[in-house]
Amino acid sequence: MKKIILGLTVVLLVASVAAGSRLVRSDSGSLAGQDAAPGGTSGDEDRGTSPSARAAREGSAGQPGPPSPKLVAANKLRPRLGTPIEHVVFIVKENRSYDNYFGRYPRGDGATTGELSNGDVVRLSDAVDIFEPDLGHLFGDGVRGVNGGQMNGFDRIRNGDTMQGYTAFDREGIPAYWAYADEFVLGERMFSSMYGPTFPEHLYIVGAQAANVVGNKIQLENTPGGYCDDPNELVRAFRDLTPREQDAVMELEEAADMPAVEKFWETVRACFDFKVLPDSLNKAGVSWRYYDKDGSWFNALLAIKHIRYSKYWGPNVVPPEEFLTDVQDGSLPAVSWVMPGTGLNEHPGGPSVCAGENWTIEHVNAIMDSKYWKSTAIIIVWDDFGGFYDHVPPPHYDHMGLGPRVPLLVISPWAKKSYIDHTTYEFSSVLKFIETLHGLPPLTQRDRQADDMMDAFNFEREPDFEARKLILKERDCSGLPKKISE
């Protein structure tokens with residue numbers, strides 16, 4: 001049972017999924033994914049989506065708080081919860097399911113076989129370090145893969161007939177990630193916040209919602225800039241839904257009837273203005289940085305108008321290369337989002353998993369070797385399932401998801417040792433963790449109901465900080481055996 005720390009009572013939503021149904025409703029009776037109003041209330045009772053997803057797109061929701069203090073000064077802040085965690089480093093990698101990375105791991109709920117759409121069961125073959133082509137991982141691919149909770153449609157997604165989605169790594173293929181799981185916390189119930197793909201998942205990573213966006217950007221013309229900087233960039237999104245329409249959409253998703261689901265979509269500009277966690281951090285005077293390339297299509301804050309055109313763009317939204325510098329020169333903020341970038345994020349279809357894992361080793365080692373190790377929690381996730389098979393049905397909170405499982409690693413001297421975390425999480429849970437540490441209100445119903453991730457930690461006794469360091473060596477990716485790299 002989760003302990004009550006310093007008198008803080010945490011109320012958890014226990015989702016009971018009845019046999020034959022993945023539909024989960026909140027304790028208030030509303031669908032669990034409805035957005036909270038900017039002040040943290042329940043939102044528009046007459047709509048099935050956000051207090052108005054359309055208003056969020058047009059710039060009427062969420063304004064930035066007062067400027068944050070200088071990063072170095074803010075590092076002295078102690079979270080309101082009273083835990084020793086003063087720094088959260090949220091690393092977001094790309095496109096891997098839990099079973100693709102940890103299906104063969106000897107502990108946890110993994111699978112070594114998978115079911116096809118025709119009912120056949122196949123062995124998950126050896127995953128390779130680099131392979132092409134990329135697998136389908138759009139919204140519709142996620143719906144088809146999940147197939148109403150049967151988890152047998154992954155051969156029906158784009159390029160699914162190659163069977164590359166029915167593959168799994170072993171320790172030889174990702175030795176560092178398995179070593180982190182051996183020593184720290186492996187979450188076996190982290191689900192992507194929606195069916196996919198990357199861009200809207202990254203919106204959840206900063207805002208616990210995606211303004212109903214269901215796809216990556218559509219660029220009408222080859223013009224410079226991205227998202228809010230480029231009026232020619234559009235995205236598909238659910239239109240505002242009534243409660244009855246949302247119920248209908250969810251039933252269609254259960255039936256994997258994507259042509260019918262898509263009738264509820266519209267095309268909107270890829271620039272929004274809903275409240276994001278950096279707004280709450282600014283208002284509370286908590287330092288933060290978002291480490292990603294300025295024009296990167298992974299950069300969700302580039303699509304948040306009041307952040308993109310604010311004083312925070314530059315001081316707080318910075319290139320990923322600055323993260324190691326901040327660790328080394330003593331200016332690590334209280335909250336960091338870190339995006340590795342193309343070639344180092346382990347995205348299928350080209351980049352090397354080995355190179356991406358080496359990037360992770362470098363960054364984790366830097367924290368372990370710094371003064372911040374004693375007070376830091378590193379949380380690593382992969383932003384969607386990437387087209388890879390997973391056998392655990394995700395809860396169906398709302399018309400957006402949840403999507404298939406992705407790996408979760410929690411690395412900290414305060415993390416439980418060699419622990420398999422069975423708690424159901426989604427990306428909003430990481431925001432809930434940060435909100436709980438700093439006494440911040442929820443952004444939407446998603447982070448309001450999310451588990452706060454405290455079960456991954458043990459704050460009852462001070463650890464041996466040196467003994468808990470796991471300094472790993474980077475691999476030579478050029479000499480991988482054929483079964484790992486072809």
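The values are calculated or read from the model by the stated rules, or taken from the named source; none is laboratory data. A quick note: this is a predicted structure, and the numbers were derived from the prediction, not measured. For neighbour counting, all protein chains shown are included, and Cβ atoms are generated from backbone atoms with ideal geometry for every residue, glycine included. The accessibility values were calculated without ligands, DNA or RNA, using every heavy atom of the protein model including side chains. Shrake-Rupley method; radii C 1.70, N 1.55, O 1.52, S 1.80 Å.
Against the numbered list (1) touching a Phe, Trp or Tyr at 6+ places or on another chain (Cβ under 8 Å); (2) open to solvent by less than 20 Å² (accessible area, probe 1.4 Å), Val276 comes up short only at (1).
Of all residue pairs spaced 6 or more apart or on separate chains, none has beta-carbon atoms under 8 Å together with a first member in region 442-459 that is closer than 24 Å to Lys283 by Cβ and without any contact (Cβ under 8 Å) to a residue 12 or more places away in the chain and a second member that is buried (at least 24 other Cβ atoms within 10 Å of the Cβ) and of a type outside the set (Asp, Glu). Against the conditions (1) aliphatic (A, V, I, L, M); (2) under 18 Å from Val143 (Cα atoms); (3) surrounded by fewer than 21 Cβ atoms within 10 Å (Cβ to Cβ), Ala210 satisfies every one except (3). Among the conditions (1) in a loop (DSSP other than H, G, I, E, B); (2) surrounded by fewer than 22 Cβ atoms within 10 Å (Cβ to Cβ); (3) among the charged types (D, E, K, R), the only one that Asp455 does not satisfy is (1). Against the numbered list (1) outside any loop (DSSP other than H, G, I, E, B); (2) in contact (Cβ under 8 Å) with a residue 60 or more places away in the chain; (3) over 24 Å from Phe131 (Cβ atoms); (4) more than 18 Å from the chain's Cα centre (by Cα), Ala366 comes up short only at (2). Of all residues in region 373-394, those that are open to solvent by less than 10 Å² (accessible area, probe 1.4 Å) and out of contact with any Lys or Arg (no Cβ under 9 Å at 6 or more places or on another chain) total 4.
Would a scan of region 246-259 turn up a residue that is under 27 Å from Ser280 (Cβ atoms) and of a type outside the set (Val, Ile, Thr)? Yes, there is a match, as at least one residue in region 246-259 is under 27 Å from Ser280 (Cβ atoms) and of a type outside the set (Val, Ile, Thr).
Given the structure, is Arg468 in a loop (DSSP other than H, G, I, E, B) and either more than 23 Å from Asn100 (Cα to Cα) or open to solvent by 10 Å² or more (accessible area, probe 1.4 Å) (or both)?
Criteria met by Arg468.
Could you grab me the full set of residues in region 218-255 that are small (Gly, Ala, Ser), part of a strand (DSSP E or B) and without any contact (Cβ under 8 Å) to a residue 40 or more places away in the chain?
If the condition is that a residue be small (Gly, Ala, Ser), part of a strand (DSSP E or B) and without any contact (Cβ under 8 Å) to a residue 40 or more places away in the chain, then no residue fits.
If you go through region 256-283 and keep only what is among the hydrophobic types (A, V, I, L, M, F, W, C), touching a residue at least 24 places away in the same chain (Cβ under 8 Å) and either assigned to a helix (DSSP H, G or I) or over 30 Å from Glu435 (Cβ atoms) (or both), you end up with Ala256, Met258, Val261, Phe264, Trp265, Leu277, Leu281. Taken together, Pro442, Pro463, Pro394 contain a single residue that is under 16 Å from the mean Cα position of the chain (by Cα) and at pLDDT 95 or above, which is Pro394.
Give me the residue from region 289-308 that is over 16 Å from the mean Cα position of the chain (by Cα) and open to solvent by less than 10 Å² (accessible area, probe 1.4 Å) and, out of that set, farthest from Ala210 (Cα to Cα). The qualifying residue farthest from Ala210 (Cα to Cα) is Ile307.
Residues checked against (1) at pLDDT below 95; (2) among the acidic types (Asp, Glu); (3) assigned to a helix (DSSP H, G or I):
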| residue | (1), (2), (3) |
| --- | --- |
| Asp294 | yes, yes, no |
| Phe298 | yes, no, no |
| Phe323 | no, no, yes |
| Asp326 | no, yes, yes |
| Asn345 | yes, no, no |
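Take the conditions (1) in a helix (DSSP H, G or I); (2) within 26 Å of the chain's Cα centre (by Cα); Ser478 misses just one of them, which is (2). Against the definition (at pLDDT 95 or above, within 20 Å of Ala210 (Cβ to Cβ) and not acidic (Asp, Glu)), how does Val276 come out, yes or no? Yes.
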